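Engineer: If you scroll down you'll find the structure; I have some questions about it.
The values are calculated or read from the model by the stated rules, or taken from the named source; none is laboratory data. These numbers come from a predicted model, not from an experiment. Here the Cβ positions follow ideal geometry from the backbone for every residue, glycine too, while neighbour counts run over all protein chains shown. Just so you know, the surface numbers come from the protein's heavy atoms only, side chains and all, with ligands and any DNA or RNA stripped out. Shrake-Rupley method; radii C 1.70, N 1.55, O 1.52, S 1.80 Å.
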Amino acid sequence: IISSVKGRRVWDSRGHPTVEVDVILNNGAFGRAIAPAGASRGTREAIDLRDGGNALRGKDVSQALQSVNGPIAKALVGRDVSDQAGADAAMLALDPSPLKETLGGNATVATSLAVLHAAASDVQKPLWQHVSDHYSTKPSLPLPEIQIFGGGAHAGRRVDIQDFMIMVPGASTFNEVMEITNEVYFAAGDIMARKGKLAGVADEGGWWPMFDSNEEALETLVAAIEKAGEKPGERVVISLDIAASEFGKNGTYRLALDDRSMDSAALIDMLGGWLDAYPIASIEDPVGEDDVQGMVEFTRRFGEQVQIIGDDYLVTNADLVKEAAHVGACNAVLVKVNQAGTVSESIDTFKAATAQGWGAVVSARSGETEDTSISHLSTGLGGGQLKVGSFTRSERMVKWNECLRIQDVLGEQSFVGGAPLANTWWG
Ligand code: PGA
Ligand code: ZN
């Protein structure tokens, strides 16, 4: 039984305030979680309630904390902690607005995850195991997507494309993914250094993209994979998050780096050219969140060839996932718990996606913390992928390291490997 729900202000990886929630049970069991924060946000995702004004760049969260310590605590104290759906529904009843702007999605997501942690602590199980028991799923260590270069909104728009990542579907264990990623990451750094282009890292720990074109980033990534002793397209493949909503609206896209504008068809042709030229197995938000026709067209042309992930386009919403399948847009979804605002809605989205044969990628935000909930969620739900940023900085590494701790219990053979990409050219 929940005996107290308490919010406090802590600080995220970009130095901004965020919401942490402690849920304490009457038997002393306890759960804690912290809300992450996005920079390239979809317009239909749950709102982070921020104070505005001048102090702390307008980003303070005292109103969100009032939601936690006031109405949310009142609604949750006395409830059975094992009823995650009931706790989440109680918060939705307090705030029926579609974007959770009354309570704040940052208040609801931290509370919802803290309830999940408290429920696991109550039954003395690790979180991944509680998730798998509670939602009847088969746990497995996820296939990581790991950023090598940051870009877009995470790197002052130095290049247009947001994430240049690798996946290692050919690895036989999660450990091996970590080793190969280390080699590729530092090989990329060596190449940048040799060209005099090493300039620190972007928001998620990938190398700062000192490139003259988006293609130069892709060429450098291919060179780094080779320098790491791998043949690009064999064990190691490329994954991109175009985050096209950041540079396009109403079907017009503006590539700042190339100083040119293009319509949806031209963008799709350009990306299609990249799919031919580079070993790309997965691509996220190839067109803007408002470009339904573009997403349908992109999926029609390339859906057999690559994984096409909707992030801003689907905002972790189960109804949008079903609708997208109906019109033939995307074949995978990014699952960000704070886009939905609760654990229950996020897991509904994960399950809606996998039930229709789609991939599901549990994801961090560009603003992160020491919270490792998503490592447990993706492992507990099983069969999926995990995107948390790069291979440096502890708010990222804490997620990979948590998977290694889970691996010690589940065993190396529980790695899902390339299975999530089975319906792409790689599989
Ligand atoms: P965000 O970026 O957390 O800044 O929204 C992550 C993504 O687009 O996948
Ligand atoms: Zn994205």
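Engineer: For residue 118, what charge total do you get from the other residues with a beta carbon under 9 Å from its beta carbon, if Lys and Arg give +1 and Asp and Glu give -1?
Structural biologist: -1
Engineer: Continuing with the same structure: Normalised by the residues of the chain, what does the relative contact order come to in percent, with Cα pairs under 8 Å and at least six apart?
Structural biologist: Computed over the chain, the figure is 20 percent.
Engineer: Follow-up. Nearest-5 percent of antiparallel DSSP beta bridges in the stretch 196-288?
Structural biologist: 60
Engineer: Still on this model: Sorted by accessible area (1.4 Å probe), largest first, how do 343, 416 line up?
Structural biologist: 416, 343
Engineer: Between the stretch 78-127 and the stretch 176-248, what is the C-alpha centre distance in whole Å?
Structural biologist: 38
Engineer: Nearest 10 degrees, 0 to 90: what angle lies between the long axis of helix 214-227 and the longest principal axis of the chain (Cα atoms)?
Structural biologist: 90
Engineer: With θ taken as phi - 60° and the coefficients 6.51, -1.76 and 1.60, list the Karplus ³J(HN,Hα) couplings across the stretch 63-74 in order, rounded to whole Hz; mark glycine and proline as x.
Structural biologist: Result, rounded to whole Hz: 5, 5, 5, 4, 4, 5, 6, x, x, 5, 4, 4.
Engineer: So, one more: Rank these residues by their accessible area, most exposed first, probe 1.4 Å: 57, 365, 157, 194.
Structural biologist: The ranking, largest first, comes out as 57, 194, 157, 365.
Engineer: Still on this structure: Give me the accessible area of residue 296, 1.4 Å probe, in Å² rounded to the nearest 10.
Structural biologist: About 40 Å², rounded to the nearest 10.
Engineer: Computing the accessible area with a 1.4 Å probe over protein heavy atoms, can you report the carbon and sulfur percentage for the stretch 371-427?
Structural biologist: Using a 1.4 Å probe with all protein chains present, the stretch 371-427 comes out at 52 percent carbon and sulfur.
Engineer: Over the stretch 124-181, what number does the Rg to Rh ratio reach, with both radii from the alpha-carbon atoms and Rh per Kirkwood?
Structural biologist: 1.17
Engineer: What does the convex hull of the alpha-carbon atoms of the chain project to on average, in nm²?
Structural biologist: Computing the convex hull of the Cα atoms and averaging its projections yields 18.6 nm².
Engineer: Also: Hey, what do the phi angles of the stretch 90-97 turn into as Karplus ³J(HN,Hα) couplings, whole Hz, using 6.51/-1.76/1.60 and θ = phi - 60°, x for Gly and Pro?
Structural biologist: For the stretch 90-97, the Karplus-derived couplings read 5, 5, 4, 5, 6, 9, x, 4 Hz, x marking Gly and Pro.
Engineer: Taking 20 °C and 1.002 mPa s as the conditions, I'd like the Stokes-Einstein D for the stretch 245-302 in µm²/s, using the Kirkwood hydrodynamic radius from alpha carbon pairs.
Structural biologist: Result for D is 184 µm²/s.
Engineer: Rank 13, 111, 338 by how far each Cα sits towards the positive end of the charge dipole of the chain (+1 on Lys, Arg Cβ; -1 on Asp, Glu Cβ) and give me just the farthest.
Structural biologist: 111
Engineer: Roughly to the nearest percent, how much of the accessible area of the stretch 15-97 is carbon and sulfur, given a 1.4 Å probe?
Structural biologist: Taking all protein chains in place, the stretch 15-97 shows 53 percent carbon and sulfur surface.
Engineer: What's the local net charge at residue 60, with K and R +1, D and E -1, over the other residues with C-beta under 10 Å away?
Structural biologist: +3
Engineer: Take the alpha-carbon positions of the stretch 314-427, form their convex hull, and give its projected area averaged over all directions (one quarter of the hull surface) in nm².
Structural biologist: Result: a mean projected hull area of 7.4 nm².
Engineer: How much area per residue is accessible in the stretch 186-281 when the probe is 1.4 Å and only protein heavy atoms are counted (Å²)?
Structural biologist: Using a 1.4 Å probe on heavy atoms only, each residue of the stretch 186-281 averages 40 Å².
Engineer: How far is helix 174-194 tilted, in degrees, relative to the longest principal axis of the Cα atoms in the chain, given as a value from 0 to 90 rounded to the nearest 10?
Structural biologist: 50
Engineer: Can you check how the C-alpha radius of gyration of the stretch 1-118 compares to 2.2 N^0.38 Å, as a plain ratio?
Structural biologist: Output field value: 1.01.
Engineer: Would you list, by chain and number, the lysines whose Cα falls below 30 Å from the Cα of residue 231, excluding same-chain residues fewer than 8 positions away?
Structural biologist: List returned: 195, 197, 387, 399.
Engineer: Go through 99, 198 and list them by solvent-accessible area, largest first, probe radius 1.4 Å.
Structural biologist: In descending accessible area the options line up as 198, 99.
Engineer: Got a number for the accessible area of residue 172? Probe 1.4 Å, square angstrom, nearest 10.
Structural biologist: Answer for residue 172: close to 80 Å² accessible.
Engineer: Then there is this: Can you compute 3J(HN,Hα) from phi for each residue in the stretch 21-33, using the Karplus curve 6.51 cos²θ - 1.76 cosθ + 1.60 with θ = phi - 60°, rounded to whole Hz and x for Gly and Pro?
Structural biologist: 3J(HN,Hα) across the stretch 21-33, in whole Hz: 10, 9, 10, 10, 9, 5, 8, x, 4, 8, x, 9, 8.
Engineer: A further question on this structure: Amide H to amide H, which residues 5 or more places from residue 335 or on other chains are under 5 Å from it, using H placed in the peptide plane?
Structural biologist: For residue 335, whose amide H was placed from the backbone, the distant partners under 5 Å are 361, 362, 363.
Engineer: Carbon and sulfur: what percent of the stretch 233-287's accessible surface (1.4 Å probe)?
Structural biologist: The nonpolar share, carbon plus sulfur, comes to 46 percent.
Engineer: Would you calculate a helix-derived [θ] at 222 nm for the chain, using -39,500 (n - 2.57) for each DSSP H run of n ≥ 4 and dividing by the full residue count, to the nearest 500?
Structural biologist: -11500 deg cm²/dmol
Engineer: At 10 °C and a viscosity of 1.306 mPa s, what translational diffusion coefficient does Stokes-Einstein give for the stretch 49-114, taking Rh as the Kirkwood radius over Cα pairs? Give it in µm²/s as a whole number.
Structural biologist: 130
Engineer: Setting aside same-chain residues fewer than 8 positions from residue 74, which lysines have a Cα under 30 Å from its Cα?
Structural biologist: Correct list for residue 74: 6, 59, 100, 125, 336.
Engineer: Mind grabbing the base-10 log of I(q)/I(0) for the stretch 264-388 at q = 0.11, 0.13, 0.16, 0.22 Å⁻¹? Debye formula, identical points on the C-alpha positions, no solvent, two decimal places.
Structural biologist: For the requested q values the scattering log ratios are -0.36, -0.50, -0.74, -1.25.
Engineer: With contacts defined as alpha carbon pairs under 8 Å and 6 or more residues apart, what's the relative contact order of the stretch 313-427 in percent?
Structural biologist: 20
Engineer: Counting other Cβ atoms within 10 Å, keep those with at most 15, restrict to DSSP loop, and tell me which GluC sites (Glu not before Pro) in the stretch 298-395 are left.
Structural biologist: 304, 370
Engineer: In the full protein assembly as shown, how much of residue 14 is accessible to a 1.4 Å probe, in Å² to the nearest 10?
Structural biologist: 70
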